[in-house]
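Take a look at the structure set out below.
Throughout, read-outs are computed from the coordinates displayed, never taken from laboratory work. Being a predicted model, the structure only gives us computed values, none of them experimental. For neighbour counting, all protein chains shown are included, and Cβ atoms are generated from backbone atoms with ideal geometry for every residue, glycine included.
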Amino acid sequence: MRWRRTLLFLHRDVGFFAFGLTVAYVVSGVAVNHRSHWDYNYSIERTLVNVGSPGKILGGSVAELEAKEGPLIAARKNRPILVKELHRLTGREKTYYNAFWRSPGRLSLFYGEGDHDVVDYLPEEGMMELEVKKPRFLIRAFNKLHLNESRRVWTWFADLYAIALLFLAISGAFIVKGKKGLKGRGGYYLGAGIVIPWLLYLFVL
Amino acid sequence: MILVAAFGFACTPAEKAAEPEVKKEAPANADAVEAKVGDATAEKDGEEGKAPCDKDTHPGMGKIEFPEATLLKAKDGTELAHWGAPFKEIPEVKVSEILANPDKWTGKEVKILGNVSAMCNHRRGWFALAAEDDSGKNLRIWAMPKFLVPAGTVGKKAVAQGVVEVREVEVKLVQHLAKEHKLDDTEQKEGKVKRVMIIGTGAEFI
């Protein structure tokens, strides 16, 4: 029948059109699916440096205070001068834009956007932790499309893509006829593709 | 083949489930020792493959009421982005005061100012303000469903308004927040702990 031939051509052409976005959505989907295993937006580079306790860094009265009350109290009571000294120890020219206690044992100096470039000082361990996050450009771009983070006009284009995918699914079911088509082997595969997810949903998830 | 190549390109460097060895050295002049760590954000707590933060929700979460920021003029004439509902004229309360006396503030709408110590990077549903007394304690503020926390907010200052609530949360969630977001931990190993939080209505990040 001529309609089958027409369907094949349309399936082919819509398939080519959907190729790029499908790749983007697949990469993004797998990345986000495994979000509990990794940070899909950033790779993290962490460096540890032993700089010593606050008493060792600042000396003098701070060392005496540390001997009496411990490194945490010594650090808290001398935060401004300690932060300046920690910054000097990093050897960086660019200064931090903020510094504060992020948790009871962690004094943080912020350099980059957000927490992309942070120096953490742990007074009880005498360690400085330099953490730099680098964006995964491609995955972030794919995620922005896949998760529709910008909304606006992309919402309509994404809807159009969804319709294209639906067309590919339906047309694909009818292109092949005979024992490999819907009435034969293809029908079994189609049924399995519907039944398996439902069974997982009902009994596993 | 193309799909595999695209995925491989996008996923460099290779992700690892466990943290590799990190060298610690004590050079006299504090020179850094390079210790590259992979994407060590594996979270094994809770259900396999499900992060504790996925279960960190509160009633009323749904459609975002204020999806866009409102641009306001600050006192010095600069533009300021305001997220969520407009601020009410209420006095400011210190974060340390709310943490020290939660019963006094529960159910009350408060205005607080502080440094943003953490935020939810996956859903942008909450952020935390560090106490101003250098104790390292934090107060979490739920942005959802009013607004989403803008990206790149950690390290900035923020003014926020919302209603104080005390809630029991799983120890595993607290441990997750400590490990992944560097917030204060708990000595308790299992069960639930009480945590003070704010159901936010609006915020500005400076």
Per residue Cα convex hull volume in Å³ - calculated over the stretch A:83-124: 65 Å³
Provide the per-residue ³J(HN,Hα) series for the stretch B:103-111, in order, calculated from phi with Karplus coefficients 6.51, -1.76, 1.60 and θ = phi - 60°, each as a whole number of Hz, with x at glycine and proline positions. 4, 5, 9, 4, x, 9, 8, 10, 10
Would you mind checking which residues have amide H under 5 Å from B:LYS111's amide H? H placed 1.01 Å from N; only 5 or more apart, or other chain. B:VAL93
Rounded, prolate or oblate: which one fits the stretch B:161-203, using the alpha carbon gyration tensor with axes a ≥ b ≥ c (rounded when a/c is under 1.5, else prolate when a/b beats b/c, else oblate)? oblate
Looking at the stretch A:106-155, which trypsin sites (Lys or Arg not before Pro) are DSSP coil and have at most 12 other C-beta atoms within 10 Å of their C-beta? A:ARG151, A:ARG152
Count, for each residue of A:129-140, the Cβ atoms from other chains sitting within 10 Å of its Cβ, then give me the mean as a whole number. 2
Label-point separation, A:GLU93 to A:ILE194 (7 Å along Cα→Cβ), nm: 6.7 nm
For B:LYS157 and B:THR186, what does the FRET efficiency come to when R0 = 22 Å and r is the distance between their Cβ atoms, rounded to the nearest 0.05? 0.25
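Kindly give the semi-axes, whole Å and largest first, of the ellipsoid equivalent to chain A, taking each as the square root of 5 times a Cα gyration tensor eigenvalue.
Ellipsoid half-lengths, sorted descending, are 60, 19, 12 Å.
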Ranked from highest to lowest mean number of other Cβ atoms within 10 Å per residue, what is the order of the peptides B:70-77, B:114-121, A:49-56? B:114-121, A:49-56, B:70-77
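Would you kindly give the portion of the calculated P(r) for the stretch B:70-185 that falls above 22 Å, as a percent of all Cα pairs?
Counting every Cα pair in the stretch B:70-185, those more than 22 Å apart make up 33 percent.
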How shielded is B:172-185 by partner chains, expressed as the average number of their Cβ atoms within 10 Å of its Cβ atoms? 2
Quickly rank A:193-205, B:122-134 as a protection proxy: mean count of other C-beta atoms within 10 Å, highest first. B:122-134, A:193-205
Compute the Cα gyration tensor for the stretch B:86-132, then decide on rounded, prolate or oblate, letting a ≥ b ≥ c be the square roots of its eigenvalues: rounded whenever a/c is under 1.5, prolate when a/b is larger than b/c in the other cases, and oblate in all that remain. prolate
What residues qualify as long-range amide H neighbours of B:LYS146, i.e. H under 5 Å apart, gap of 5 or more or another chain, H built at 1.01 Å from N? B:GLU65
Share of alpha-carbon pairs per 10 Å distance bin for the stretch A:1-78, given as whole %: 15, 18, 12, 14, 13, 9, 7, 7, 5, 0
Per-residue mean of C-beta atoms belonging to partner chains within 10 Å, peptide A:94-107: 6
Convert each backbone phi in the stretch A:120-128 into a coupling constant with the Karplus relation 6.51 cos²θ - 1.76 cosθ + 1.60 (shift: θ = phi - 60°), then list the ³J(HN,Hα) values in order as whole Hz, x for Gly and Pro. 9, 10, 10, x, 5, 9, x, 10, 10
Project the alpha carbons of the stretch A:40-114 onto their principal axes and report the range along each, largest first, in whole Å. 45, 25, 21
Take each of the peptides A:125-131, B:85-91, A:185-191, average the number of other beta-carbon atoms within 10 Å over its residues, and list them starting from the highest. A:125-131, A:185-191, B:85-91
